[in-house]
1. When you check Lys342 against the structure, is it over 22 Å from Met493 (Cα atoms), part of a loop (DSSP other than H, G, I, E, B) and not β-branched (Val, Ile, Thr), yes or no?
2. For the list (1) within 53 Å of the chain's Cα centre (by Cα); (2) modelled with pLDDT under 90; (3) closer than 19 Å to Gly630 by Cβ, I need the number of the one condition that Lys733 fails.
3. Among the residues of segment 61-68, is there at least one that is of a type in the set (Val, Ile, Thr), within 60 Å of the chain's Cα centre (by Cα) and in a helix (DSSP H, G or I)?
4. Show me the helices (runs of 4 or more DSSP H) found entirely inside segment 393-482 where at least 3 residues are in contact with a His (Cβ under 8 Å, 6 or more places away or on another chain).
5. Of all residues in segment 559-597 being among the small types (Gly, Ala, Ser) and over 50 Å from the mean Cα position of the chain (by Cα), which is farthest from Trp637 (Cα to Cα)?
6. Take segment 706-734 and flag every residue that is closer than 18 Å to Val667 by Cα and among the polar types (S, T, N, Q).
7. Within segment 623-631, is there a residue that is touching a Phe, Trp or Tyr at 6+ places or on another chain (Cβ under 7 Å), closer than 19 Å to Ile768 by Cα and at pLDDT 85 or above?
8. Please go through segment 658-696 and give me each residue that is farther than 28 Å from Leu635 by Cβ and either modelled with pLDDT of 90 or more or surrounded by 13 or more Cβ atoms within 10 Å (Cβ to Cβ) (or both), ordered by number.
Amino acid sequence: MAKSKLMNLDSLSFQGIDEDAELIPLMTPEDEEEINNEDLPEILPILPLRNTVLFPGVVIPITAGRDTSIKLINDANNGTKVIGVVAQKDEEVENPKSKDIHRTGVVARILRVLKMPDGNTTVIIQGKKRFKIADVISEKPYLSASIKEVPEKRPEVDNPEFSAIIDSIKELALQIIKGSPNIPSEASFAIKNIESPSFLINFVSSNMNLSVEEKQKLLETNDLKDRALSTLKYMNVEFQKLELKNDIQSKVQSDMSQQQREYFLHQQMKTIQEELGGVSHEDEVEEMRLRSKKKKWDEKVKKHFNKELSKMQRMNPQVAEYSIQRNYLDLFLDLPWNDFSKDKFDLKRAQRILDRDHYGLEDVKKRIIEYLAVLKLRNDMKSPILCLYGPPGVGKTSLGKSVAEALGREYIRISLGGLRDEAEIRGHRKTYIGAMPGRIIQSLKKAGTSNPVFVLDEIDKLAAGNQGDPSSALLEVLDPEQNNEFHDNFLEMGFDLSKVMFIATANSLNTIQPALRDRMEIINVTGYTIEEKVEIAKQHLLPKQLKEHGLTKENLKIARPQLEKIIEGYTRESGVRGLEKQIAKVVRYAAKNIAMEEEYKVKVSNDDIIEILGSPRLERDKYENNDVAGVVTGLAWTQVGGDILFIESILSQGKGNLNITGNLGKVMKESATIAMEYIKSNADKWGIDPEVFNKYNVHIHVPEGATPKDGPSAGITMLTSLVSLFTQRKVKKSIAMTGEITLRGKVLPVGGIKEKILAAKRASIKEIILCKDNERDIKEIKEEYLKGLTFHYVKEMSEVIDMALTDEKVYNAKTL
């Protein structure tokens, strides 16, 4: 007989066992008749089967591992050798009780008990009759129950339909055995020699690949004809699966021969590459595996890498996806996962570095030192997101280098100006040809550490395009609560950016997305005073230019007065970029004379400055005289720092029209209208004849018409200009003002005070009129910036007129 299966009651394992054929004889009709005439005992010990169902007449070997099962088998083998066998409802239950077993089972006789080498007990049993559990008598030491026989409804012997079903079962069984390579051919002999229809049905049902529930359903079917039909239905399904499986295997066989051919060719190619000095596919994979073992990866990253490496190992090196996969794994290996540079917590040294590289910028230096102090005490602080905001040329970008040196970290800088593709930040998905990671991940790969100082230059100049909005993609990068799992599309894994110190730079906050601005700590880097510019030129700019042009300090000397002349006459800026260009011109002049061996003055004079740089071009920044009515000096904020502007008003014969020119914005024009209406409603206060407003046209102009201007800051300046015009009273000398006005006569505060103060100093202004609420801004400015300035704080517009105008009439004043 064929090799039988061992079904493990406890562990669901299957083993092979060879037994003598006489132990498992085929049942004849006479045997079946004898079994049917046997009387069932009233009480039987019940053996639960975990993963199979026993049918009447069928012989199966089983392995018992549970202590209760072994005791039951030993007791029965020493006694009547008759037991009740039922199937468990849930095979996971370790110690089944009454509720865990089916009610219908089969009486079985123990044919042989074997002790296996692994310590388990194997028992060969044969099914006799079906029974139903009437009542469970006991559960210890094993289940015992009172049973009753379940009668079986059999069709008549000469029933043609039943005979046809039996023949079909035999034929289909033989076809399944023939088509399945796993079933031995001896099984066909067994099927052909089965004479009893009921035994054939039970034998086939027992050996079919069905679940325990399906077999139990067949066992509980009392009508033999119905059971035969159900068995035939399951066999048909099994036969269809077998045909499909054989069909697939035949196709795979032909594909395998093609693959074997390709494998042979690849092996030849590998040999040729090795002969030429190249690296084979397997060597490349092995090299990556060795490199990965040295990485400080957590389990999640390690598991993902090994999975992707296995995918690459299975790939054909000639396909396009192979190079993408290799680049992806190279990136994984090159990224600094959990590699950190050690921070230097010498705060005094850090202060010296910051002072050495940057003159002024006290607020920024103070904030950096505070950050270092907290990091030193906690050692696990999330890096802040600083945004240095100010005009060009004040040292925002170069400050990042100094911070990196002070911290002992790597320095990275990327320029975001004009960036309009979201993939530049988040990367491309690696399914595309030419896919690359984003610039954040690429820069960290170059840095080699996970905690560099990262400067995001020109963050205010990001643009949105058809490829997405990069500023929105930066939200995750610059959020300390989210960037510990920054997701790059190419990397497909979260990367920790929380230890990176991001420093963003911007010239204007207006163009930064509000949500992005909210995630950053804004530090205002304002312009420099003339004194600060002189020091910067002496300590940094002149030595730098001398070195770049191959000169030494003995070849050229520029004293403080000459530096001041360059600053005042040739640069109009908050920063020092323009100043550096002018100094470079002077240095080039000396370099040319040295190269041509011509005489020149080592110590530069004022006349030499004019000869080299030409006549001063920016003297118009100075305060103009007050001999003309209606001309008032105002203070303005621009993207390049503070500036002064002049408001001019003039009267002409007409019908009371108001004209405004000078490339002004909507808000600034509204300020002029408010000032005009306020003057009309308060004409008596300043002795103005109301008829004037109907007889004369008023024209307001702000010079430099090519430059756009807008904002409410010029409100009190326009008011003063108009009152001066209508009353023909002089404006005080060396006075400037800034503030917003309302129709109620109130003066409101404005921004950009520090920049405006610096502009006033550059223009030799002595007095400044501000809103009372702007006094707090003045208190935050260092005393040295305020030296030589007098401030007047006002709340009402009438106070502005009283402070700004004198009682003296202008020369040749009109009588209105």
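The values are calculated or read from the model by the stated rules, or taken from the named source; none is laboratory data. Quick caveat, the model's predicted, so the values are computed rather than measured. When we count neighbours, we look across all protein chains shown, and the Cβ atoms used for this are built from the backbone with ideal geometry, even at glycine.
1. Values: over 22 Å from Met493 (Cα atoms): yes; part of a loop (DSSP other than H, G, I, E, B): yes; not β-branched (Val, Ile, Thr): yes.
So Lys342 fits the description; yes.
2. That leaves (1) as the condition not met.
3. yes
4. Numbers: elements: 396-407, 423-426, 439-447, 470-477.
Correct list: 396-407.
5. Narrowing segment 559-597 to residues among the small types (Gly, Ala, Ser): 559, 569, 574-575, 578, 584, 590-591, 595.
Pick out the ones that are also over 50 Å from the mean Cα position of the chain (by Cα) and you get 559, 569, 590-591, 595.
Working: Ala559: 31, Gly569: 20, Ala590: 37, Ala591: 38, Ala595: 44 Å.
Ranking the qualifying residues of segment 559-597, first place goes to Ala595.
6. Answer for segment 706-734, where residues must be closer than 18 Å to Val667 by Cα and among the polar types (S, T, N, Q): Thr707, Ser713, Thr717, Thr720, Ser721.
7. yes
8. Restricting attention to segment 658-696, the residues satisfying the condition of being farther than 28 Å from Leu635 by Cβ are 684, 687, 689-696.
Selection gives Val692, Phe693, Lys695, Tyr696.
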